[in-house]
Amino acid sequence: MASRITASSFTSVTITGIFDGKYRRSWINPPLPAGTYLNNYSSTKWQILRYSDVLLMFAEAENELNGPTTAAYNAINMVRRRGFGKPINAADPTIDLSGLSKDDFFKALVRERSLELGGEGIRKFDLIRWNMLATAISETKANLVKMGARTTMIAPSYMAPPPSYVFNTSILPDSIYFKGRTTSDDLSINGGLIVNSLYKPAPNTNKPPGTVKMAWVTNAISTGTGTGVTLNHYANNFVTLKSELLPIPQDAITAYGSFAAKMPQNPNQ
């Protein structure tokens with residue numbers, strides 16, 4: 001079992017205070033100049049719609065209408081080839097999907113959207129329109145319990161499974177080391193081996209200088225031996241067939257005037 005990992009960080013925070021995203025300042029390449037992390041923003045713009053999203057939407061619609069046709073495979077495989085650094089217009093049997101049923105193609109697409117569009121604010125709404133949000137939350141909670149207890153996690157039922165090694169919790173590190181937040185922090189630990197919030201195995205068993213040690217998996221997740229902070233905060237107010245949609249504002253209903261009584265409220269609001 002891997003015993004520890006080290007990572008650079010702006011600050012040491014609880015796991016429930018950490019947010020993902022593709023456009024974190026600490027991931028900018030090249031890194032921002034030392035001493036500017038508190039107030040320096042990049043010029044990276046948030047995309048409205050990416051071509052890979054268009055391709056995946058087309059693949060999904062084509063599969064729903066006609067099954068996994070050649071056109072559907074071509075669309076999703078172009079996205080996969082780009083993700084693996086392959087020429088997008090050249091067939092590659094090591095990357096391309098093929099020979100799937102309509103249901104299996106859809107499950108592969110559900111996973112592909114999670115990979116390609118992760119951290120872009122789309123996943124929740126995908127799961128809602130597929131009526132899979134409750135299932136995804138329930139199965140993720142169950143796997144978090146297994147992760148905290150270091151037992152084997154299970155494959156999701158609603159999408160194609162990830163590689164088998166993902167379910168092996170025994171390889172997860174026991175501890176993680178964070179650097180404190182300072183304006184002079186150069187975002188490196190252990191002589192520059194770890195830069196810009198990228199995680200790598202620690203080169204030795206000594207605590208890196210200037211870092212804070214934190215128990216990682218067990219104290220962050222496990223309800224049996226740790227604080228259980230993640231499970232206590234993970235979608236704990238979600239109610240099936242209610243939380244998927246926001247209530248329609250009363251002002252919007254009133255604006256319908258004499259037709260207001262015919263404007264239905266979203267379910268269970």
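Structure above, values below:
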item	result
Members of region 57-112 that are among the acidic types (Asp, Glu) and buried (at least 20 other Cβ atoms within 10 Å of the Cβ)	60, 62, 112
Check on residue 162, outside any helix (DSSP H, G or I) and under 30 Å from residue 209 (Cβ atoms)	no
Members of region 238-269 that are of a type in the set (Phe, Trp, Tyr) and either surrounded by 11 or more Cβ atoms within 10 Å (Cβ to Cβ) or in a loop (DSSP other than H, G, I, E, B) (or both)	238, 256
Index of the failed condition, residue 123 passing every other in (1) crowded, with 18+ Cβ neighbours inside 10 Å; (2) over 15 Å from residue 79 (Cα atoms)	(1)
Residues located in region 86-119, provided they are acidic (Asp, Glu), under 21 Å from the mean Cα position of the chain (by Cα) and under 14 Å from residue 161 (Cβ atoms)	112
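Listed here are the residues, each with its yes/no results for (1) farther than 18 Å from residue 140 by Cβ; (2) modelled with pLDDT of 80 or more.
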residue: 231; (1), (2): no, no
residue: 236; (1), (2): no, yes
residue: 255; (1), (2): yes, yes
residue: 265; (1), (2): yes, yes
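The values are calculated or read from the model by the stated rules, or taken from the named source; none is laboratory data. In this text, all values refer to a predicted model and were calculated from it rather than measured experimentally. Ideal geometry is used to build each Cβ from the backbone, glycine not excepted, and the neighbour counts take in all protein chains shown.
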